[in-house]
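Inspection log for the structure reproduced underneath, given as C-alpha cells.
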Amino acid sequence: MRVLVVAAPLSGHLTPLLPLAHALWDSGHEVLLAGGGDAHPLPGADPLPFIDVARSLRVGRLAARSLVAHPVTARAELAGRGGDAGVRSLFGPVNEELTDALVTVAEQWRPDVVVYEPLAVAGALAAARHDVPAVLHENGLLDGFALVRTLLDSRPLQRARLRHGLRGVPPPAIALTIAPSSLVGARDALAVRPGRARGSGRSALPAWLSGPSVRPRVLVLRGGGPLRGDLQASAVRALDDLRDDGPDCELVLVRPPARLLRHGRRGVRTVGRVPLDELLPACAAVLHDGSAAHVLAALAAGVPQLALPGPGDRRHNAELVAARGAGLGGPFTADALRRLLHDGELAAAARDVRAEIAAMPPPQARVEVLTALA
C-alpha cells in the first residue's frame, strides 16, 4: 500500500503525523511525506521519503498580504482570536497554492490512501481528484472537521476545486485524533496516542538532569514565532524579583537566546536540544508558549503546565488546559509559579490525563484500519 502524508508548510504541522507514518513504514507500506517550508521531517537514521510541494510558496508573503487585506482579522489572529476568518485568510491561499502540486504528485506517485492534517486540506482535494480514499489526521487540539469545513468553504479552495473539475470533496473515510477526550470532548474520530517523532541530532540528557534535585525544577521552553525567547526572559526576571520571598525552585531553560546567557544567574540552568519526553519527568512544572505539541507533551508526562495564550490556536489550547484543571492558561506570575509547584489538584489532574493518554491506542494499532481502505 502507498500512503501520501500531507502537512501544511509550517513548523509543527508535519511532526504529529510522523508516528503514524513510521508505523506504516515499519509495517512494510510505502510512505511519501509531502510538505515544505518549515514542515520538514527531522533528520534521522532512516528518514522517510519526502517531497517539497511548497517550493514556490512563500507563507510569509501570503501572511503579509493577508495583514494588508484583512488588518482586523490579522490582529485578532495574533491575539489568538481570529476564529474562522483567521483560518481562511492565511490557510485558504496556502492550500490553493498547494493543490496543483499535490494533484500532480498523486497523479505520478499513485497513492492508495492520502493522509492529511486539517490545515492541509489540499491533500483531500488531491485525493478526490484521483478518487483515492482520504484520512483526516488531527495534529492539534482544534476540531479538525470544523477546520476542514472552514477551508473548503473559502474562496481560494473553491477556485482550486473548480480548476480541477471537482464539484465537491468527499468527507474523510476515517478521522484520527491525538487529543484526549477529557480535554476536548468526544469526537467522531479514532483516538491515536500522540508520540514523539524519531530523529537524531539531539543532545543527550545531561547527568545533572538524570538524578534527583534538591529544589523543584521548572522547565521553560523557548517557544516559536513572535514569542521566541520572551517567556524565558520573563521567567528569569520574575525569579530575580522573587528571590527573597518567592518559591524556592530552579529554572531550566531550553535553548535560550544568547542574551540570556551573558550573565550567569543563580537558580537558572540551561539545556540543549533534548526530547521533551526525556526532559519533562525530571521537572515539577513546565512553562511554554501554548502550542499543541507542548501542551500534549506536558500532559503525556503528567506535569503541571502554564500555557501562555498567543497567536493561532495557542489561546484556545491554554484555555483547554485551564478548563481541564491540568495546568494554568495565562501570563506568568509569582502566584502562577506557586500554584504550579504546590497545587495538588493541578498535579492530580495532570496525572489523570497522563493515564488517559497512555491508554490511547498507539499508531501501530491504526495501521490495519488504513490498510482496509486501499
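For the stretch 275-374, the per residue solvent-accessible surface stands at 38 Å², with DNA, RNA and ligands left out and a 1.4 Å probe.
Tally up the carbon and sulfur contribution to the accessible surface of the chain as a whole percent, 1.4 Å probe, everything protein left in place. Result for the chain: 51 percent of the exposed heavy-atom area is carbon or sulfur. Find the percent of Cα-Cα distances in the chain that exceed 32 Å, and round it to a whole number. Tail of P(r) above 32 Å: 34 percent of Cα pairs.
If R0 is 45 Å, the Cβ-Cβ spacing of Ser27 and Arg149 corresponds to a FRET efficiency of close to 0.90. Amide H to amide H, with H built 1.01 Å from N, His137 comes under 5 Å of Tyr116, Glu117, Leu176, counting only residues 5 or more places away or on other chains.
The DSSP beta bridges internal to the chain are antiparallel in roughly 5% of cases. In order along the stretch 266-278, phi translates into HN-Hα couplings of 5, x, 10, 10, 10, 9, x, 7, 10, x, 4, 5, 8 Hz, rounded to whole numbers, per the Karplus curve 6.51 cos²θ - 1.76 cosθ + 1.60 with θ = phi - 60° and x for Gly and Pro. Close amide H partners of Gly329, meaning residues 5 or more places away or on another chain with modelled amide H under 5 Å apart, are Ala307, Ala322. Placing a pseudo-label 7 Å from each Cα along the Cα-to-Cβ vector at Arg187 and His342 gives an inter-label distance of 3.7 nm.
Using R0 = 25 Å, the C-beta based FRET efficiency linking Asp335 and Asp248 works out to 0.95. Relative contact order (percent) for the chain, with alpha-carbon contacts under 8 angstrom and 6 or more residues of separation? Relative contact order, the chain: 16 percent. Stretched out straight at 0.36 nm per residue, the stretch from Arg255 to Arg159 would grow longer than its current Cα-Cα span by 30.3 nm.
The values are calculated or read from the model by the stated rules, or taken from the named source; none is laboratory data. Given the structure is predicted, the values throughout are model-derived calculations rather than measurements. No Cβ is skipped: glycine too gets one built from the backbone with ideal geometry, and neighbour counts run over all protein chains shown. All accessible areas refer to the heavy atoms of the entire protein, side chains included, with ligands and DNA or RNA removed. Shrake-Rupley method; radii C 1.70, N 1.55, O 1.52, S 1.80 Å.
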